[in-house]
Amino acid sequence: MNTRRETYHQQFGSLSLSVVGSGYFGKFIWSFVFLISALLLVSCHSLAPNKSQTKINWRTLEQGKIEAAARQKPCLVDFYFGEQCHRCAMLEKQVYDNDRIASMINTKFIPVRIDLTRKLSPEEKALEDKMGSGGECMLLFLDQNGNVIKNQQGVPVCSMEMISPERFISYLDETLELLGQGAGE
């Protein structure tokens, strides 16, 4: 009959520590290794970005348009490609995580996120086609009736570029001014 250590060596090779094989000391070592592994797993999980912890109360396009009409507020629409997109990741960390911006978006706008990593609904696809984004990430604004908000030159207020928090606030202010709702905070 094989000892526990011999069985371990047969299964895992000679990389084992001979002290770990049996007795109280061995149990202590394995308990310690298990505890450290569990702590590392928990700490790594808590450091991972969690979409449910965002400061923005995102809605779908369908939900957002209904709420915008009911509350007479414009929609901020974010065509979002996820963390693998540098622009999207920067927006998430530097813009949407900014307390002032998050508060302004949640109180003065209806935030809508369209997830470009999944199949778009017919309504989402129609908006994407109308804007000609070609499946790229983009920000735009819709009025309470679902129409794309345009500046005085008739150009949609939108961006497909990296935006600093300061520039983002100016987009929010410009949109509110175009709608006659005054600038943000």
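The values are calculated or read from the model by the stated rules, or taken from the named source; none is laboratory data. All figures in this text were calculated on a predicted structure; none of them were measured in a lab. Note that we place each Cβ from the backbone using ideal geometry, even for glycine, and neighbour counts take in every protein chain shown.
Annotations for the structure displayed:
- Any hit, region 142-154, residues being of a type in the set (A, V, I, L, M), outside any loop (DSSP other than H, G, I, E, B) and either assigned by TED's automatic domain parsing to the domain that holds T60 or modelled with pLDDT under 95 (or both): yes
- Among the residues of region 155-166, some residue qualifies, meaning at least one is out of contact with any Lys or Arg (no Cβ under 7 Å at 6 or more places or on another chain), under 22 Å from E67 (Cα atoms) and surrounded by 16 or more Cβ atoms within 10 Å (Cβ to Cβ).
- Qualifying residue in region 114-123 (condition: among the hydroxyl-bearing types (S, T, Y), buried (at least 19 other Cβ atoms within 10 Å of the Cβ) and in the same structural domain as S159 (by TED's automatic domain parsing)): no
- Residue in region 111-119 that is of a type in the set (S, T, N, Q), within 23 Å of the chain's Cα centre (by Cα) and within 20 Å of R59 (Cα to Cα) present: yes
- If you go through region 109-130 and keep only what is without any contact (Cβ under 8 Å) to a residue 40 or more places away in the chain and assigned to a helix (DSSP H, G or I), you end up with P122, K125, A126, D129, K130.
- Region 172-185: number of residues that are buried (at least 17 other Cβ atoms within 10 Å of the Cβ) and within 14 Å of C75 (Cβ to Cβ): 3
- Among (1) closer than 23 Å to L176 by Cβ; (2) at pLDDT below 95; (3) crowded, with 17+ Cβ neighbours inside 10 Å - the single one K108 does not satisfy: (2)
- Enumeration of residues in region 48-80 that are at pLDDT 95 or above, in contact with an Asp or Glu (Cβ under 7 Å, 6 or more places away or on another chain) and more than 19 Å from C137 (Cα to Cα): P74
- Answer residue from region 81-108, given it is in a loop (DSSP other than H, G, I, E, B) and touching a helix residue (DSSP H, G or I) at 6+ places or on another chain (Cβ under 7 Å) and is nearest to D143 (Cα to Cα) among those: Y96
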